[in-house]
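This report concerns only the one structure given below.
The values are calculated or read from the model by the stated rules, or taken from the named source; none is laboratory data. Keep in mind the model is a prediction, meaning the values are calculated, not measured. Please note: Cβ atoms are built from the backbone with ideal geometry, for glycine as well, and neighbour counts cover all protein chains shown.
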Amino acid sequence: MTIGRGRGSRMGPTVWLVFSVLVWGVTFVRAGASWPAAAITAAAEKPPVVKAEAPKVAQAQMPADPASTAGATYVGEDTCVTCHAPQQAGYDKSLHHQKVDPRTPEALKSCETCHGPGSKHAADPEKSKLRKFSTLKADEANAVCTTCHASGDHALWAGSKHEARGVTCISCHSVHNAKGEKQLKEETQPKVCATCHQQIVNKLNRFNHMPVREDKMQCSSCHNTHGSANVKMLRAGTTVDGACTSCHAEKRGPFLWEHAPVVNACVTCHDPHGSSNDRMLVSKVPFLCQRCHVTSRHPPTVYDSFIMKNSSNGNKLTGRGCVICHSQIHGSNSPNGKAFLR
Ligand code: HEC
Ligand code: HEC
Ligand code: HEC
Ligand code: HEC
Ligand code: HEC
Ligand code: HEC
Ligand code: HEC
Ligand code: HEC
Ligand code: HEC
Ligand code: HEC
């Protein structure tokens, strides 16, 4: 058995990989049978051992094979594709089909890695039913995938909002009919997300928006849809602001003069997905400012003229309005005081 290197870094730390392969190797020797099919079946029969090494637990997560396949053995892909040519095409193009990579389903039992042993099914497809993803419970379908995809970006899948709400790997991915990168079901991320988050995706069409439509950014630039340590499945940081300042570092502070709402949340003033206002502001300046600054000494409300004292249109100062003067609205280090003028 060869130890996989090559693409290792993309699935998680190489260390984990080498370790897991070693542990599987040990399982193989102990089980004294052909690996890994026997290892998978053996693990499935035993209740999960709490103290067991991580990779073994992962194997134990494989849901039980359907009852009608009891006693079946592995027959191999060549047999399956005699009847399932449509499924073969998409699978053959995918990374799952890279036999040189010892971690792929192809290098294990191919189709039967995911669908279960098929000798009985191949002999009588009407009577013996294999694992059918479209009818599996969410946690059972996910368990097949997380057997292999449980580290790195996927480590926090369990307990994520998506997992908790019954969204499955195949709500977004397809093994046989992928249309987009990373085996996504649709050509683009927004299209995948739009099936459930239409309102958010619509915001990309607003006048100002993160350049997702322009393909300079993805939903996944900010979110890890597989779960994260931050709120709202944000990829970086531990707060909403932490996520924003992971790219906009110059807004992070600390500043000599902090602007209270900036410290609290960027999203008080900006809509991260897009808005019809400049700079993705949730409301136009000066109205945005006047949501909070209604009692300040100068310009009190929209109804009072300001700055151009003699003009009744002073309050209509549009565009950058207040920030023409208060240009360091995110915070300032100026010795001249706290008004964010420079
Ligand atoms: C002799 C032809 C034949 C062979 C060989 C065959 N299948 Fe099937 N398979 C079928 C038919 C027919 C159905 C539809 C059964 C139904 O809808 O009742 C089916 C259904 C399925 C399903 C859907 C779930 C189910 O059981 O209804 C899966 C998954 C599947 N096959 C996978 C495989 C795999 C994996 C192999 C190789 C181990 C394989 N098939 C070999 C004919 C075959
Ligand atoms: C990585 C796991 C995996 C491998 C390997 C795999 N499949 Fe599938 N199969 C799935 C999933 C998930 C679906 C649900 C549809 C989709 O994602 O495209 C599916 C759907 C199917 C279906 C349709 C029945 C259904 O569930 O709706 C058949 C038939 C099938 N696969 C046969 C095969 C054959 C034949 C092979 C090998 C050439 C194979 N599969 C390899 C995961 C796998
Ligand atoms: C037997 C292990 C195994 C199982 C089971 C498995 N995968 Fe994979 N998967 C892999 C490997 C290995 C790769 C290639 C990873 C790499 O190159 O980093 C991969 C790659 C992927 C990719 C990335 C494809 C790309 O183009 O970058 C997606 C998405 C994926 N798998 C989804 C799934 C889903 C969904 C399931 C469950 C239906 C599943 N996998 C089941 C081993 C597995
Ligand atoms: C809500 C949609 C969604 C769900 C649910 C989802 N994914 Fe993904 N997945 C994505 C998107 C979008 C990407 C590409 C961006 C990225 O890498 O985060 C991706 C990327 C991947 C990749 C390739 C990334 C890499 O590390 O190379 C794998 C593998 C993968 N997903 C597996 C899974 C598995 C396994 C599950 C279920 C446990 C799952 N996904 C659930 C949307 C989803
Ligand atoms: C620039 C970073 C960024 C990008 C790009 C981004 N988001 Fe968000 N998203 C956020 C932030 C920040 C929040 C939290 C907002 C809040 O707390 O008010 C969020 C919240 C969400 C929520 C939860 C909304 C709620 O009310 O709880 C969903 C759903 C969502 N985003 C989907 C998407 C989708 C789909 C895309 C791609 C079309 C996307 N996001 C792109 C930063 C981003
Ligand atoms: C199959 C439906 C479905 C798809 C597809 C889907 N989501 Fe979700 N998403 C949900 C559900 C359900 C929730 C939980 C909503 C809630 O609790 O209010 C959720 C919540 C979220 C949240 C908020 C998490 C939180 O902690 O509040 C974000 C961010 C998010 N999704 C991003 C995405 C992105 C990005 C995509 C596309 C790559 C996507 N979703 C695709 C169903 C989906
Ligand atoms: C993954 C990196 C990244 C993250 C995270 C991120 N941004 Fe951005 N942001 C960008 C990029 C790239 C642009 C576009 C810059 C350009 O086109 O010149 C941008 C542009 C902006 C703009 C200016 C839009 C305009 O009209 O010029 C604002 C405001 C903004 N981001 C606020 C935020 C806020 C608030 C957050 C947190 C919710 C955030 N960003 C998170 C990368 C990011
Ligand atoms: C009090 C409201 C408010 C808060 C809170 C706020 N911003 Fe802004 N932001 C603005 C205004 C107003 C502009 C437009 C400034 C201009 O036109 O000169 C702006 C512009 C921006 C721009 C684009 C122009 C530039 O200066 O680069 C980015 C990026 C940005 N903000 C990021 C952030 C981030 C990140 C946070 C959180 C750390 C944040 N903002 C919090 C009001 C706010
Ligand atoms: C969400 C509420 C909120 C919004 C919106 C907001 N601010 Fe503030 N701002 C505050 C708070 C709270 C303080 C701190 C007041 C204090 O310390 O007395 C502050 C302080 C200031 C100060 C410093 C004055 C001082 O006495 O400390 C200036 C100048 C200022 N804001 C201008 C603006 C401008 C211009 C805008 C619009 C771009 C704006 N603010 C939007 C809440 C807000
Ligand atoms: C022509 C430049 C200019 C414009 C435009 C401007 N300000 Fe000011 N603002 C100042 C100056 C200068 C100070 C400092 C005054 C002082 O220290 O006495 C100040 C002080 C402030 C203060 C702190 C003092 C106080 O009154 O509590 C707030 C809050 C404030 N401005 C909000 C705003 C808002 C909101 C707007 C837009 C509606 C705005 N400013 C437009 C120049 C301007």
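Please work out which residue is farthest from ligand 7 (Cβ to nearest atom), limiting yourself to region 249-268 and to residues that are surrounded by fewer than 13 Cβ atoms within 10 Å (Cβ to Cβ), modelled with pLDDT of 90 or more and not small (G, A, S). Once the filter is applied, the top-ranked residue is L256. Considering region 114-135, the residues that are of a type in the set (A, V, I, L, M) and in contact with a helix residue (DSSP H, G or I) (Cβ under 8 Å, 6 or more places away or on another chain) include one that is surrounded by the most Cβ atoms within 10 Å (Cβ to Cβ), namely L130. Criterion applied to E163, E181, E106 was being more than 11 Å from ligand 3 (Cβ to nearest atom) and among the acidic types (D, E), and the one residue passing it is E163.
With respect to the conditions (1) within 16 Å of ligand 7 (Cβ to nearest atom); (2) over 12 Å from the mean Cα position of the chain (by Cα); (3) among the hydroxyl-bearing types (S, T, Y), S228 lacks only one, and its number is (2). Which members of region 178-218 meet the condition of being surrounded by 12 or more Cβ atoms within 10 Å (Cβ to Cβ), outside any loop (DSSP other than H, G, I, E, B) and at pLDDT below 80? N208 - this is the single residue of region 178-218 that is surrounded by 12 or more Cβ atoms within 10 Å (Cβ to Cβ), outside any loop (DSSP other than H, G, I, E, B) and at pLDDT below 80.
Answer with yes or no whether Q61 is under 29 Å from K179 (Cα atoms) and modelled with pLDDT under 75. So Q61 fits the description; yes.
Within region 64-113, the set of residues being crowded, with 17+ Cβ neighbours inside 10 Å, acidic (D, E) and over 19 Å from N177 (Cβ atoms) comprises D65, D101, E112. Examine region 136-149 for a residue that is farther than 20 Å from S228 by Cβ, hydroxyl-bearing (S, T, Y) and either within 16 Å of ligand 8 (Cβ to nearest atom) or modelled with pLDDT under 95 (or both), and state whether such a residue exists. Yes, because at least one residue in region 136-149 is farther than 20 Å from S228 by Cβ, hydroxyl-bearing (S, T, Y) and either within 16 Å of ligand 8 (Cβ to nearest atom) or modelled with pLDDT under 95 (or both).
One residue stands out in region 69-88 among those that are touching a helix residue (DSSP H, G or I) at 6+ places or on another chain (Cβ under 7 Å) and part of a helix (DSSP H, G or I): the one that is nearest to ligand 1 (Cβ to nearest atom), namely C80.
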